[in-house]
Amino acid sequence: MHQPSVINQISELRKHLSNIRRQSKTIALVPTMGALHQGHLSLIQTAHQHADCVVASIFVNPTQFGVGEDFDSYPRTEQEDIEKLASEGVDCIFIPSAKEMYPTGFCSSVDLQGPARELETSHRPHFFSGVATVVTKLLLSVMPDTAIFGEKDYQQLQVIKQFTRDLNIPVKIIGAPTLRETDGLAMSSRNAYLSPAERKIAAQLYAQLVNCEADLSKNQSWQEVQRKAITNLTQIGFEVDYLELRDSQTLNLPIIGNQRRLLVAAKLGKTRLIDNIHIPAAS
Ligand code: AMP
């Protein structure tokens, strides 16, 4: 098996990648926070379809976690992650320290509006600024031709598409579909927090999204569908942060085009889960 280069410093990463670029090879980047599962690995497979050389990053980014969130307890499985990425044929793994990304005196961030408004931001106000800042730094360190992000974090994907376009960062952002467990639960590093009992209930989050889609296809009103789904989720133990039907690109209201996205975030015990599905055009 080809062993990827594991690199911790931006200067070394740039040197490594400039050699690759000199060979006229294209580069794809897959940013992650580690604790890798099949969903992450599917992004690596998509990356291989778009570029000659795949770079993955592993960085649990402190600036996207709020006070009292799970930064300290976030699962860290670096050695297993490296082995998984090696078996997917990744060329290079970038694992910076927090100090490398945020040296003493660091004081800048990317400011966002548009698709960053509401939804996650209403519950995690600093989240997208933290994500956009670290993704900008990763993109400028790697300078990839393409970068792959999961639709699992759908609002994040739209935010990244928007700010890379607005800031003229020369990269093509590609969204990849959500990989799910056999019972429908979206794969997530945070699923590891769920107790066996919670794990059984967790699949209902996706099941309720699918129910909503079925009800909407029967032309039931969104308000009624939303109320029913929130009641169902609450009754089985979820605390729902939001369940919203939005324009699939702007994520704002009113829905301008006929492409719609249904997005949900809910806590089950201490674990906060998010999910989303495409909703076909209203007939
Ligand atoms: P994370 O490590 O959770 O920050 O995720 C890194 C990347 O993997 C992001 O672009 C996520 O959207 C994506 N991702 C996470 N879970 C899944 C999944 N179940 N299917 C596809 N992509 C995913």
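Bear in mind that the values in this text are calculations on the coordinates, not laboratory data. As the structure is a prediction and not an experimental result, all values here were calculated from the model. Virtual Cβ from ideal backbone geometry, glycine too; neighbours counted across all protein chains shown.
Specify the residue that is surrounded by the most Cβ atoms within 10 Å (Cβ to Cβ); the eligible residues are those in the range 93-127 that are touching a Ser or Thr at 6+ places or on another chain (Cβ under 6 Å) and hydrophobic (A, V, I, L, M, F, W, C).
Per the criteria, the residue is F94.
Hand me the list of helices (runs of 4 or more DSSP H) wholly inside the range 41-140 holding 3 or more residues that are in contact with a strand residue (DSSP E or B) (Cβ under 8 Å, 6 or more places away or on another chain). So that I can check it myself, show each step before the final result.
Details: elements: 78-87, 98-101, 120-123.
In the range 41-140, 78-87, 120-123 are the helices (runs of 4 or more DSSP H) which contain 3 or more residues that are in contact with a strand residue (DSSP E or B) (Cβ under 8 Å, 6 or more places away or on another chain).
Those residues that are away from the ligand (no atom under 16 Å from the Cβ), more than 24 Å from T231 (Cα to Cα) and in contact with an Asp or Glu (Cβ under 9 Å, 6 or more places away or on another chain), I need them from the range 160-217; list them, please.
Hit for the range 160-217 is P170, nothing else.
Applying the selection to the range 227-256, what residues are over 18 Å from V159 (Cα atoms) and of a type in the set (G, A, S)?
A229, G237
Going residue by residue through the range 7-28, is there one that turns out to be closer than 19 Å to M187 by Cβ and within 16 Å of the ligand (Cβ to nearest atom)? Outline the logic, then answer.
Just the residues of the range 7-28 that are closer than 19 Å to M187 by Cβ, to begin with: none.
No, because not a single residue in the range 7-28 is closer than 19 Å to M187 by Cβ and within 16 Å of the ligand (Cβ to nearest atom).
Can we say F65 is within 16 Å of the ligand (Cβ to nearest atom), farther than 30 Å from T182 by Cβ, among the aromatic types (F, W, Y) and surrounded by fewer than 20 Cβ atoms within 10 Å (Cβ to Cβ)? I'd like the intermediate steps shown before the answer.
Numbers: within 16 Å of the ligand (Cβ to nearest atom): yes; farther than 30 Å from T182 by Cβ: yes; among the aromatic types (F, W, Y): yes; surrounded by fewer than 20 Cβ atoms within 10 Å (Cβ to Cβ): yes.
Considered against the rule, which asks whether it is within 16 Å of the ligand (Cβ to nearest atom), farther than 30 Å from T182 by Cβ, among the aromatic types (F, W, Y) and surrounded by fewer than 20 Cβ atoms within 10 Å (Cβ to Cβ), F65 comes out as yes.
So T32 passes all but one of these: (1) free of Cβ contacts under 8 Å to residues at least 60 places away in the same chain; (2) hydroxyl-bearing (S, T, Y); (3) under 24 Å from Q9 (Cα atoms); (4) away from the ligand (no atom under 13 Å from the Cβ). Which condition number does it fail?
It fails just one condition, (4).
Restricting to the range 165-191, what's the tally of residues that are out of contact with any His (no Cβ under 9 Å at 6 or more places or on another chain) and either of a type in the set (A, V, I, L, M, F, W, C) or on the phi > 0 side of the Ramachandran plot (or both)? Step through it out loud before you land on a result.
Our first condition is that a residue be out of contact with any His (no Cβ under 9 Å at 6 or more places or on another chain); within the range 165-191, this holds for 165-171, 173, 175-178, 180-186, 190.
Next, from what is left, pick out any that are either of a type in the set (A, V, I, L, M, F, W, C) or on the phi > 0 side of the Ramachandran plot (or both): 167-169, 171, 173, 176, 184-186.
Looking only at that region, the number is 9.
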